[in-house]
Amino acid sequence: MGADGITPRGEDFSRWYQDIVQKAELADHSPVRGCMVIRPNGYAIWEKIQQGLDRLIKQTGHQNAYFPLFIPESFIHREAEHIEGFAPELAVVTHAGGEKLEEPLVVRPTSETIIYSMFAKWVQSYRDLPLLINQWANVVRWEMRTRLFLRTTEFLWQEGHTAHATDEEAETETLQMLEVYRRFAEEWMALPVYAGLKSDSEKFAGAVRTYSIEAMMQDGKALQAGTSHNLGQNFAKTFELQYQTADNRMDYCWNTSWGVSTRLVGALIMGHSDDKGLVIPPRLAPLDAVLVPIYKSDEQRTAVLEYAAGIEEELIRADFMIRTDAREQFTPGWKYAEWEMKGVPVRIEAGPKDLEKGHVVLVRRDDRSKRFVPRDGVADALRETLETMQRDLFEKARAFRDERTIPVDSYGDFRDYMAADRGFARAHWCGGAGCEEKVKEETKATIRTVPVEEEAREDGTCVVCGAASPRRVIWGKAY
Ligand SMILES: [Zn+2]
């Protein structure tokens, strides 16, 4: 056991993760197996994620709406690939109001079917397109093996759904939202990601193409942090989502869907936290700073609390989220450990000596570096410290990921690398499902993304079968 009862990462990564979730009071197990109670500290982080991402979604022209939790069972069955993918995970309501229902209702595992059935009512002509909708909601997928935030039976997410007049427009939209997710992951979550295409075996049930962003966790494993799907006309054909073209023909719409979920909270924990507790990038931290007044005598107490109150007031006026921890029953050292556990980015210390010298002490959560700053410049100093910390967290995560993403050219090396649980391999792949399956069986690694940029093209030979390959793909073990 390490500080405050957290298992060190190096000893047992999975245990460490669970310890942080419990001790930072982020989430708890519910009476229903696999479901999660998100506690206030965890929910506040999700709210920050929502606020940041919602803005990006709206800036790209989408509007929020809300569709029902229940979907007629027959809807799910209409799209063949879709039902095949989701059938094992469905929760179905057969009774309600004390009676057996005429048609069972599925608790949404995702909302393509219900949303496109509604789009079919709203879209008549090309003038009604594009239709750009997002919803924030909960979904249910009956998972057998669950882990708080990473995989739970019910989870919160956003799901975007759009309809377009052409295939090209739908593809542009799919890539635009992938880019929104990449930006959010890197600029808000401080997690560098690889963005690219999924192989056919990993794509969404019912999609033509699925793209994803993939982040590396501190144990070298991949976490799929967001997906964006080009659905082609699959759902439009199933739900009669047609429109009249400019030259008076009838055609089916082209759809996209894209989503991120509460699993992002898990990504934040596993991407940045340490053996003392949670580390959250400042842009997503519910509190910017905690102010801890330090004193011994009653006389000091009065003076220091007054000093602290003035600092707090000024920081609130400067629009910071700040809390003064003036609890009498705890020592400053105890408070430091608690706020470190909870991941508040900056601790501000103010004691009699600081008051005398007219300064305060800023301590960063991530590297615990200390800075003495003049009392009068505290707001500017805090802003600068938060911005630097945001940048440093990203750079640190990027250096870690880059160091652990290595080119591999032989299958022997590939197997050794995956067995060592170090990170991602960039290796050539012929495009064959057989080679992909063999790797998965023998090493547990999967193709995380296939880079699509022109610069990624490189002639080589498949690391598994030796056939010609046009590019290296990113392989890794995944959550
Ligand atoms: Zn091959």
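Taken over the stretch 345-378, the residue count meeting the criterion of being within 30 Å of the chain's Cα centre (by Cα), in contact (Cβ under 8 Å) with a residue 12 or more places away in the chain and surrounded by fewer than 17 Cβ atoms within 10 Å (Cβ to Cβ) is 1.
Quick grid of which residues meet (1) outside the structural domain of ARG365 (by TED's automatic domain parsing); (2) on the phi > 0 side of the Ramachandran plot; (3) out of contact with any Asp or Glu (no Cβ under 9 Å at 6 or more places or on another chain):
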residue: LEU264; (1), (2), (3): yes, no, yes
residue: GLY277; (1), (2), (3): yes, yes, no
residue: ILE280; (1), (2), (3): yes, no, yes
residue: TYR295; (1), (2), (3): no, no, yes
residue: LEU305; (1), (2), (3): no, no, yes
residue: ALA309; (1), (2), (3): no, no, yes
residue: GLU312; (1), (2), (3): no, no, yes
residue: ARG317; (1), (2), (3): no, no, yes
residue: ARG323; (1), (2), (3): no, no, no
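Is at least one residue of the stretch 415-423 within 16 Å of the ligand (Cβ to nearest atom) and either in a helix (DSSP H, G or I) or surrounded by 14 or more Cβ atoms within 10 Å (Cβ to Cβ) (or both)? Yes: one or more hits. The residues listed here are ALA337, ALA399; of these, the one that is more than 16 Å from the ligand (Cβ to nearest atom), assigned to a helix (DSSP H, G or I) and over 21 Å from TYR194 (Cα atoms) is ALA337. Scanning the stretch 459-472 for residues that are without any contact (Cβ under 8 Å) to a residue 60 or more places away in the chain, in a strand (DSSP E or B) and buried (at least 16 other Cβ atoms within 10 Å of the Cβ) returns GLY460, SER469, ARG471. Can you find a residue that is surrounded by 12 or more Cβ atoms within 10 Å (Cβ to Cβ) and part of a loop (DSSP other than H, G, I, E, B) anywhere in the stretch 308-317? No, because not a single residue in the stretch 308-317 is surrounded by 12 or more Cβ atoms within 10 Å (Cβ to Cβ) and part of a loop (DSSP other than H, G, I, E, B). Just one residue in the set LEU53, LEU90 is of a type in the set (A, V, I, L, M), surrounded by 15 or more Cβ atoms within 10 Å (Cβ to Cβ) and farther than 15 Å from GLU159 by Cβ; that residue is LEU90. The sole residue among GLU84, GLU143 that is at pLDDT below 95, over 15 Å from ALA65 (Cα atoms) and in a helix (DSSP H, G or I) is GLU84.
The requirement of being surrounded by fewer than 24 Cβ atoms within 10 Å (Cβ to Cβ), in a helix (DSSP H, G or I) and of a type in the set (Asp, Glu) is fulfilled somewhere in the stretch 200-207, by at least one residue.
The values are calculated or read from the model by the stated rules, or taken from the named source; none is laboratory data. Everything numeric here is computed off the predicted structure, so don't read it as measured data. Positions of Cβ are backbone-derived with ideal geometry, glycine not excepted, and every protein chain shown enters the neighbour counts.
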